[in-house]
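What follows is a single structure, written as structure tokens, with notes after it.
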Amino acid sequence: MKSDSLKILSAGAVKRGVARIAADFERESGNTVRVEFATAPEIRKRVAEGETADVIVAPPAVMDEIAKQGKIVAESRGFVGRSRMGVVVHATAAVPALGDTAAFKRALLGASVVVHNRASSGIYAAKLLENLGLKEALGTRIVVVETGSAIMEHVAAHPPSAIGLAQISEVMVMIDKGCAVRLAAPLPDEIQNVTSYDAAATRSSRAPDAAQKLAASLGSDAAKKIFAATGIS
């Protein structure tokens, strides 16, 4: 039986679930699966510049752009799950009250720094700070980093009162790795941001059958249970 080498280019917020499903698929199919994680803007840029992958996992807006370029197999596209955002504090810090928007604002105004990234969730965080009048109030206390993991690393390195705004699924990954942070709470419902993710096989895949089976496995009922355990619903 011929084995193929497959590459997944995936958004980082769904990292734990994608990595596990890729490993399961590799074991069951005999195909080698390599996974590269990037922010949604990076995925958009890399694909537009001609980088190839067998399967892409990205938010619908990014996937729509890639579809318009004719680079995915439309019938292979499926829903993976949704990620929510949370407030991150140092592992030794007191957990602030975060039950509503007013409490959220008070917590951030009391922070030494407020950290977000440049990914889709970070773009939302920047707009949220501006809409709540916090951008001007916080000024230079706002720190922008490249990735979700960098948010947690920055909070861990700046105890006790740094606060991060990050995808809950990425927070869980970093906690599992021993990063000195904890999830204080999800964003209050009235300002919560939910990011969806889709998976699709690409037209450039040299193993189209295997690529479509891998994309299907990422959107399967069994995969949804795996993703749910990692904070993706």
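Set side by side, the residues S112, S83 differ, and just one is touching a His at 6+ places or on another chain (Cβ under 8 Å) and within 30 Å of A184 (Cα to Cα), which is S112. Each residue in region 27-52 was checked for being in a helix (DSSP H, G or I) and either among the hydrophobic types (A, V, I, L, M, F, W, C) or buried (at least 18 other Cβ atoms within 10 Å of the Cβ) (or both), and 6 of them qualify.
Being within 22 Å of D64 (Cα to Cα), outside any helix (DSSP H, G or I), touching a helix residue (DSSP H, G or I) at 6+ places or on another chain (Cβ under 9 Å) and not β-branched (V, I, T) is the filter here; which residues of region 177-218 pass it? Passing the criteria: N193, S196, Y197, D198, A199, A200, A201, S205. Count of region 53-75 residues, restricted to those that are small (G, A, S) and crowded, with 18+ Cβ neighbours inside 10 Å, is 2. Within region 1-51, the set of residues being of a type in the set (V, I, T) and under 22 Å from R84 (Cα atoms) comprises V14, V18, I21, T39, I43. Residues in region 25-64 that are touching a helix residue (DSSP H, G or I) at 6+ places or on another chain (Cβ under 6 Å) and of a type in the set (D, E, K, R) were compared, and the one that is nearest to A215 (Cα to Cα) is D54. Assessment of region 76-96 against the conditions (within 30 Å of D209 (Cβ to Cβ), open to solvent by 30 Å² or more (accessible area, probe 1.4 Å) and not in a loop (DSSP other than H, G, I, E, B)) yields at least one matching residue.
Here is a check on your reading of the model: is A200 crowded, with 16+ Cβ neighbours inside 10 Å and either within 24 Å of G86 (Cα to Cα) or among the basic types (K, R) (or both)? So A200 fails the test.
Of the residues making up region 148-162, those that are at pLDDT 95 or above, in a helix (DSSP H, G or I) and not acidic (D, E) are A150, I151, M152, H154, V155, A156, A157.
The values are calculated or read from the model by the stated rules, or taken from the named source; none is laboratory data. In this text the structure is predicted, and so the values were computed from the model without any measurement. FYI the Cβ positions are ideal-geometry reconstructions off the backbone, even for glycines, and counts take in every protein chain you see. Calculation scope for accessible area: heavy atoms of the full protein, side chains included, ligands and nucleic acids excluded. Shrake-Rupley method; radii C 1.70, N 1.55, O 1.52, S 1.80 Å.
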